[in-house]
Amino acid sequence: MCRCHRAGLTRETRRMSTEQIETTYDAHAMEAKWLPVWEELQPFRADDEAVRTGEKQKRYALTMFPYPSGDLHMGHAEVTALHDVIARYWWLRGFEVMNPMGWDSFGLPAENAAIRNDEHPATYTYGNIDTQAASFKKFGISFDWSRRLHTSDPEYYRWTQWLFLKFAERGLAYQKYSPVNWCPNDQTVLANEQVVDGRCERCGAEVTKRELNQWYFKITDYAQELLDDLDGLASTWPDRVVTAQRNWIGRSEGAHVDFTLHLADRSDRVVTVYTTRPDTLYGATFMVVAADAGLAAEIVAPERREAFEAYLAQTRKASDIDRMSTERPKTGVDLGVTATNPVSGEQVPVWASDYVLADYGTGAIMAVPAHDQRDLDFARAMGLPVRRVIDTGEENPETSGVATTGDGSYVSSGVLDGLTDKQAGIATIVDRLESEGTGTRAVNFRLRDWLLSRQRYWGCPIPIIHCESCGAVPVPEDQLPVTLPDMRGADLKPKGVSPLATATDWVNVDCPRCGAAAKRDTDTMDTFVDSSWYFLRYCSPNDGTQVFDPELTNAWMPADIYVGGVEHAVLHLLYARFFAKVLADMGLLEVREPFAAQLNQGVVINEGKKMSKSLGNGVSLGEQLAEFGVDAVRLTLVFAGPPEDDIDWADMSPAGSLRFLQRAWRLAGDVTSAVGTPADQGDTALRKVTHRTLHEAAGLIESHRFNVVVARTMELVNATRKAIDSGCGGADPAVREAVEAVAILLSLVAPYTAEDMWERLGHAPTVARAGWPEVDESLLVEDVVTCVVQVKGKVRGRLEVSPDISEADLQAAALADPGVQRALNGAQVRKVIVRAPKLVNIVPA
RNA sequence: GCCCCCAUAGCCCAAUCGGCAGAGGCAGCCGACUUAAAAUCGGUCCAGUCAGGGUUCGAGUCCCUGUGGGGGCACCA
């Protein structure tokens, strides 16, 4: 089918006279007509003053800013179309709305493109940004473009660096020399979060380990608060995001228990283990320390050292993908030392294994093989003893090979014997440990500190200078930003060190403290640092003197809605929450939670599958826009279903959306009453539909059921059409009222069509700022309602009654209904349930 | 393995509190307009809510079990 035909751009249209054009819907002509008008009017520029002074109530509509990879695609279209419904609704409701847009413009793809094309990463980055910005404008999203920012601009990353230094001052940024995830393909370290199933999240290569000196943010200091504050978000954030964050933080309660190790040189050393089951302490038949934790190498007996070193070397070689296989048999090595169990006094052997993680808990565990499957597997592999201390009535784990973790009665457990309750068991044993000074209650988190160093060029330089005598010295604030040296093409090829290390003129500087020759830190920051505070910068994007203007930021924050992909459920959202809390502690921010509510859109798929180049099933946004126009595509995305559901484009009908828009648009041409005609004397039936629709739409938008708003608008269009053709006629003022309501409702989703209707109705632009029509409450009440009369739950009659009928009257009327009498067939009435005015249910004896 | 979410017509989806299962759209079918077709307009068919059990006067909605699908965590002691 001819594309221009579908979008209403027929050959006939082009030949028509001006007069005729006005009766033909032409999506592309409307886009060309209205875009420059909006550019001129700037109707969505947020007024800081009105909000700062409290003159107007604010709403902050935030959508996750994109990475500039090529042009916009269906996913961008969906998220912004949904988001725009909310932002435009708030404007109509009279709020001062801030709806900013920017770009998360540091990152690896630009660097890879620069190497490929022998150019500067900025070329790719800013070229794509310009393309996307133009597309967003054409897509009619109500962004306030005066707040546009890019994280790769020195004016922005200057403040990213400043924040890093403030975090360091507070002890929240620190260096650690430790094994890190290393992607051999991208030649860079990866955060734990970027490792998925042992592979690099980006390129899929198997991740290995490397020892590097890295910067970390101490997010673990905020683990408890990050967890606790989720409770307050549970009602306005999607369940799965809250759950994912809880899982990620991974709080567990247990105890620290001290075991005394007896080393080969006859010295003793206390090692603390973390356990969630201190009540099983009597069943601890050996100890295991993480092979790579340092402790193992320190305590290993001389005659076991060779075997240990061999094992450690083998462990280090194994990639995470091997380590994470659950089927993998347990391996380990006896360290040749013993430890004393603090409650039983028993001597138990100490082993090293890779199944104990160095960076969780204390890196050492007490092994209770009878009641922990991992320990049992290890014990059976190594021939270590198994002792049951809780009798659950199941087969003894020693013979079954299945550890029991349920409740039962304690056996062989000293003071615990006879108890059957796990909580009581834990309390009893911990009390004893605490009184004897050999243990304490303890809480542990799965959450690790945030590794932020990256050995890449296209990122925010870490503002630190390494001096031999002074150590890591912060770059003085007045020397910020530390800008990136000019590097391009082959300069950026991965060499195992950061590309910045090869920029000698840039690297070699004098130490700001002692003046001696020193070197800049050559790593750049994880781009999640850039995106952890951009929503704060939007509030005063051009302030050259401070990270943000606290007064303005506190006036706008928190974001009242944050719309974006669920793929950021953990990382970005957790980091941004962390930043907000630190900034609050710094006294710069009043709120401790940055995003009051959240909406996660689904993804756009095609024919049941994710769109991808390899599958060849991609749907081009550009082609869809050319074929159906902006409004029809936006309407399709919003109408498809609940915002959080995935959209299968193959199930959608943009042609149907276009047809509806044309129907709605044509209504405007049938209104013959003058602009400003009051609707009071208009047709009541139509007015009721209009007012009920507006009333309902408001609630539906607030609960994010945008697809239903569209359906209600369709009903209103249908009712108006009927009124014009076979009812009160186009001259009735109720018709004008209805069509104006349609234009206003449509402006949320189909701004071009709505604007054109608004003009045809005799108004000046823009409909987007026309205001939400006042709903006449008296038109919401029905004068007659249909009451259903049931007998034993089955409908046996209907009554037309007044909405304020009394229960007694309704019951009488219901019992008198002939259909009901027939159904009762003379039976005695046992009970009558009356729900005036809608339902009566009669229960016969 | 543990935790969370979902399942309504051929398809996409509605159904504030437990109260007539159907608002809207797509597709289909019939009709009007047309020489004809497209477009447009009007009309219309279609499920008893994944399965089984429970609570209730009454269950798509609440509870339990199972099936199917989606997601999170996973050698985290």
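Could you check residue A:241 against (1) open to solvent by 40 Å² or more (accessible area, probe 1.4 Å); (2) more than 28 Å from residue A:427 (Cα to Cα) and say which number it fails? Status for residue A:241: all satisfied but (1). Assess whether residue A:280 counts as being in a helix (DSSP H, G or I) and either near RNA strand B (Cβ under 10 Å from one of its atoms) or surrounded by fewer than 20 Cβ atoms within 10 Å (Cβ to Cβ) (or both). Yes, satisfied. Inside segment A:685-705, residues that are in contact (Cβ under 8 Å) with a residue 40 or more places away in the chain, within 11 Å of RNA strand B (Cβ to nearest atom) and over 17 Å from residue A:90 (Cβ atoms) make up a count of 4.
Screening segment A:659-674 for residues that are in contact with a helix residue (DSSP H, G or I) (Cβ under 6 Å, 6 or more places away or on another chain) and assigned to a loop (DSSP other than H, G, I, E, B) and picking the one that is nearest to residue A:627 (Cα to Cα) gives A:670.
Got at least one residue in segment A:263-277 being outside any strand (DSSP E or B) and either closer than 25 Å to residue A:397 by Cβ or within 16 Å of RNA strand B (Cβ to nearest atom) (or both)? Within segment A:263-277, one or more residues are outside any strand (DSSP E or B) and either closer than 25 Å to residue A:397 by Cβ or within 16 Å of RNA strand B (Cβ to nearest atom) (or both). I'd like to check something: does segment A:685-702 contain any residue that is under 27 Å from the mean Cα position of the chain (by Cα), farther than 16 Å from residue A:750 by Cα and either polar (S, T, N, Q) or open to solvent by less than 20 Å² (accessible area, probe 1.4 Å) (or both)? Scanning segment A:685-702, I find at least one residue that is under 27 Å from the mean Cα position of the chain (by Cα), farther than 16 Å from residue A:750 by Cα and either polar (S, T, N, Q) or open to solvent by less than 20 Å² (accessible area, probe 1.4 Å) (or both), so the answer is yes.
With the condition kept exactly as written, say whether any residue in segment A:801-812 is within 10 Å of RNA strand B (Cβ to nearest atom), charged (D, E, K, R) and either on the phi > 0 side of the Ramachandran plot or surrounded by fewer than 13 Cβ atoms within 10 Å (Cβ to Cβ) (or both). It would help to see each step written out before you state the result.
Residues of segment A:801-812 within 10 Å of RNA strand B (Cβ to nearest atom): none.
No: zero hits.
Quick grid of which residues meet (1) within 13 Å of RNA strand B (Cβ to nearest atom); (2) under 30 Å from residue A:748 (Cα atoms); (3) in a strand (DSSP E or B); (4) without any contact (Cβ under 8 Å) to a residue 24 or more places away in the chain:
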{"position": "A:783", "(1), (2), (3), (4)": "no, no, no, yes"}
{"position": "A:789", "(1), (2), (3), (4)": "yes, no, yes, no"}
{"position": "A:819", "(1), (2), (3), (4)": "yes, no, no, no"}
{"position": "A:831", "(1), (2), (3), (4)": "yes, no, yes, yes"}
{"position": "A:834", "(1), (2), (3), (4)": "yes, no, yes, no"}
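It is to be established whether one or more residues within segment A:380-400 are touching a strand residue (DSSP E or B) at 6+ places or on another chain (Cβ under 9 Å) and within 8 Å of RNA strand B (Cβ to nearest atom). No: zero hits. In segment A:334-365, of all residues being open to solvent by 10 Å² or more (accessible area, probe 1.4 Å), part of a strand (DSSP E or B) and touching a Leu at 6+ places or on another chain (Cβ under 9 Å), the one that is farthest from residue A:417 (Cα to Cα) corresponds to A:351.
Applying the criterion of being within 35 Å of the chain's Cα centre (by Cα) and not hydrophobic (A, V, I, L, M, F, W, C) to the residues of segment A:248-262, the residue that is nearest to RNA strand B (Cβ to nearest atom) is A:252. Considering segment A:523-539, and only residues there that are of a type in the set (Phe, Trp, Tyr), in a helix (DSSP H, G or I) and open to solvent by less than 10 Å² (accessible area, probe 1.4 Å), the residue that is farthest from residue A:471 (Cα to Cα) turns out to be A:535. Note on segment A:648-664: residues that are open to solvent by 10 Å² or more (accessible area, probe 1.4 Å) and in contact (Cβ under 8 Å) with a residue 60 or more places away in the chain amount to 3.
The values are calculated or read from the model by the stated rules, or taken from the named source; none is laboratory data. Just so it is clear, the structure is predicted and the values come from calculations on it, not from any experiment. Cβ atoms come from the backbone with ideal geometry, glycine included; neighbour counts cover every protein chain shown. Remember, those area values only see protein heavy atoms, side chains included, never the ligands or the DNA or RNA. Shrake-Rupley method; radii C 1.70, N 1.55, O 1.52, S 1.80 Å.
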